[in-house]
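First up is the structure itself, then whatever we jot down about it.
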Amino acid sequence: MNTSKMMKGAALLAALVLVGCSTKKEPQVPVRQPADVKSQIQQLLPSDVKQKSAWADDIYTAFRVQQIDASVSNICAVIAVTDQESNFSADAEVPGLPKIAWGEIDRRAAKVHVPAFLVRTALLIKSPNGESYAARLDKVRSEKELSAIFDDFIDMVPMGQKLFGNLNPIHTGGPMQVSIEFAEAHAKGYPYAVDGSIRREVFTRRGGIYFGTLHLLGYPADYSQPLYRFADFNAGWYASRNAAFQAAIARASGIKLELDGDLIMY
């Protein structure tokens, strides 16, 4: 048998196999229609959620605009955080909020050496909605309302700038309790017309879901379990990865480290 012919034949066979692999088409994954994705989201929502269609629309939009895979795992992650943080209420009531608000005002007044009675007097003037600031504070029920009161107070009351400057003490809000600072820093590409400010958008269903989804899923992280993304949601992006790095350093060096994901000593 001619060895040269055998080698040529083998080479030809290999070439044909390679051609076959290169021309073979990958199976096409059918593109899911928006209506199908929204329907699936509605099915995954807890049974007691009201306005399921509206929640599904906002969750779908967050996934679509941010180009996040609307997998069951990802959808359930957003649902789990929203359910835990607000029970699917875009403007959830906070028990005892008037007392908390007055306490914050008194604390800041004392810090800048402003007598409490002067603060109380200043808050008796009418706010933009016709009620006094004191009256609004006495019946405030949600973080959204309290944030609006502080914004009005800072802008309108002469003492407001001295007590608060531009610092509204409400730092998180909305159905996913996302950081307002985070939302303001990642507002580029926000798909809705902004109603006044990004801060105000965070307290809406659409804005809270959009920025909450971005904070939960909008960054690359090859975690083996969603649990680590939930930890990052509370402690900051890559806190879980950084904590694992701290654990490795502690094991290698024998130095005890706090596994908090914070790699900088401020």
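The values are calculated or read from the model by the stated rules, or taken from the named source; none is laboratory data. These numbers were taken from a predicted model, which means no experiment stands behind them. Heads up, the Cβs are rebuilt from the backbone with ideal geometry, glycines too, and the neighbour counts pull from every protein chain shown.
Scanning the stretch 64-83 for residues that are under 13 Å from the mean Cα position of the chain (by Cα) and more than 27 Å from Ser142 (Cα to Cα) yields a single hit, Gln66.
To keep it simple, each residue is scored yes or no on (1) among the charged types (D, E, K, R); (2) buried (at least 16 other Cβ atoms within 10 Å of the Cβ); (3) assigned to a helix (DSSP H, G or I); (4) under 16 Å from the mean Cα position of the chain (by Cα).
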residue	(1), (2), (3), (4)
Asp48	yes, no, no, no
Asp58	yes, yes, yes, yes
Ala62	no, yes, yes, yes
Glu85	yes, yes, yes, yes
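Taking the stretch 180-235 as the range and being under 21 Å from Asp69 (Cα atoms), of a type in the set (S, T, N, Q) and in contact (Cβ under 8 Å) with a residue 60 or more places away in the chain as the test, only Thr213 passes. Among the residues making up the stretch 111-146, those that are aliphatic (A, V, I, L, M), part of a helix (DSSP H, G or I) and modelled with pLDDT of 85 or more are Ala134, Ala135, Leu137, Leu146. Under the condition of being over 23 Å from Arg199 (Cα atoms) and crowded, with 16+ Cβ neighbours inside 10 Å, the residues counted in the stretch 94-122 number 4. Taking the criterion of being surrounded by fewer than 20 Cβ atoms within 10 Å (Cβ to Cβ) and hydrophobic (A, V, I, L, M, F, W, C), the residues of the stretch 185-238 that qualify are Ala185, Ala187, Ala193, Val194, Ile198, Ala221, Leu227, Phe230, Ala231, Ala235, Trp237.
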